[in-house]
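Inspection log for the structure reproduced underneath, given as structure tokens.
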Amino acid sequence: MASFPPLRNDLILRTARGETTDRTPVWMMRQAGRYLPEYREIREEHDFFEVVETPELAAEVTIQPVERFPLDAAILFCDIMVVPEAMGLTVKMVSGQGPTFPRPLTTPDEMERLVEPDIDAALGHVFEALTTTRKQLNGRVPLIGFAGAPWTLMAYMVEGSGSKSYRAARRWLYRYPEASKALLQRTTDVIVDYLIGQVEAGAQMLQVFDSWAGLHSPERFRTFCLPYLGEIAARVKDVYPEVPLVVFAKGAYHAVDTLADTNYDVLSLDWRMAPSAARKTVGDRAVLQGNLDPCALYAPPDVLRREVRHMLAGFGPRHHIANLGHGMLPDHDPEHARVFVETVHEHSEKMRTI
């Protein structure tokens, strides 16, 4: 493992471990990206995957929001689709459509196209980007790494692109349940090695994104999501027990109680779950993250501040990492992101003195 500068702001790491802190840490999903003019300048000269696959560019983009806002963490600029790519599938980023697979997996026989990747060879650019970013941050804030969850990656690999219902992917689960489990397990194995490699490259905290977990009934979630999410956390913790793990099972409100009993330190919530309800369910078994509606950033600053204060009150002053309930949107005003971050700083400090 490389040698890195000492960390000067460990607030988010201490919070994730359940320690009491003097204010609530804050970062934003998709905090590096299209809403920032400095990012758009880079994209005028480089396409999306060129930025992801060029460590120096990925590091520059990762650090851009940290230079702008008083954030408590950086999250690597990357994409969850690097795992399906490493497994042998072609992924293209289509403007206005997102990631697409020219040849999705239409039947279980097509799983023969998948490979067991050499993680260092296939994803070495991600590891190099993490190391470069960690050094350039110079201890300012911790660096978060991430991966997509097995079901969410499978949904794209089978569907071929984003979808409202993911009918083709969900059809797979009913038609080919054993093949589905085999695909989820193969993907899980790659994700585990990938996340461990991220820690070795410099990541100080990890988040697993299960963006489409909410498509399932509770029973289907317990069959096709929970075992693999749990296995990822257990296996990563076996190697790096001190590294905080976050899971974002978007829309799976029924699973909050169950996920609190896994090895994840932090449960990230989307904006549709009341913080007070999640807190009542989880208690002190896990730290909660979230969950401002991203569209609240379109509000005038005074309204936005009120919404942030309301969110903080719902979570309370302990065991909370402030974030959005989903990612930043391309047409967000960067100055409204600043209002969000600064209001978390100011109000969470006041909450601890009342």
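The values are calculated or read from the model by the stated rules, or taken from the named source; none is laboratory data. What you see is a predicted model, and the numbers here were worked out from it, not measured in a lab. Quick reminder, even Gly has a Cβ in these numbers, built from the backbone with ideal geometry, and neighbours come from all protein chains shown.
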message: Could you check the stretch 306-321 and list, in sequence order, the residues that are crowded, with 22+ Cβ neighbours inside 10 Å and in a loop (DSSP other than H, G, I, E, B)?
response: H319
query: Across the stretch 322-340, which residue is surrounded by the most Cβ atoms within 10 Å (Cβ to Cβ) among those that are of a type in the set (A, V, I, L, M, F, W, C) and in contact with a Leu (Cβ under 6 Å, 6 or more places away or on another chain)?
result: L324
message: One residue is enough: does the stretch 94-108 have a residue meeting the conditions at pLDDT 95 or above, farther than 24 Å from Q204 by Cβ, in a helix (DSSP H, G or I) and touching a helix residue (DSSP H, G or I) at 6+ places or on another chain (Cβ under 9 Å)?
response: yes
field: Within the stretch 138-164, considering residues that are among the polar types (S, T, N, Q) and touching a residue at least 60 places away in the same chain (Cβ under 8 Å), the one nearest to V82 (Cα to Cα)
entry: T152
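Rundown of residues vs (1) at pLDDT below 95; (2) touching a helix residue (DSSP H, G or I) at 6+ places or on another chain (Cβ under 6 Å); (3) at negative phi, yes/no style:
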{"site": "V246", "(1), (2), (3)": "no, no, yes"}
{"site": "A249", "(1), (2), (3)": "no, yes, yes"}
{"site": "W271", "(1), (2), (3)": "no, no, yes"}
{"site": "G283", "(1), (2), (3)": "no, no, no"}
{"site": "L292", "(1), (2), (3)": "no, yes, yes"}
message: Looking only at the stretch 18-54, how many residues end up being among the basic types (K, R), more than 19 Å from F209 (Cα to Cα) and surrounded by fewer than 19 Cβ atoms within 10 Å (Cβ to Cβ)?
response: 3
- request: Would you confirm whether any residue within the stretch 288-296 is in contact (Cβ under 8 Å) with a residue 40 or more places away in the chain, closer than 29 Å to V199 by Cβ and crowded, with 21+ Cβ neighbours inside 10 Å?
  value: yes
task: Those residues that are surrounded by fewer than 21 Cβ atoms within 10 Å (Cβ to Cβ) and either aliphatic (A, V, I, L, M) or assigned to a helix (DSSP H, G or I) (or both), I need them from the stretch 257-267; list them, please.
output: D257, T258, A260
task: Considering (1) among the charged types (D, E, K, R); (2) touching a residue at least 40 places away in the same chain (Cβ under 8 Å); (3) surrounded by 15 or more Cβ atoms within 10 Å (Cβ to Cβ), say which one E85 fails and leave the rest.
output: (2)
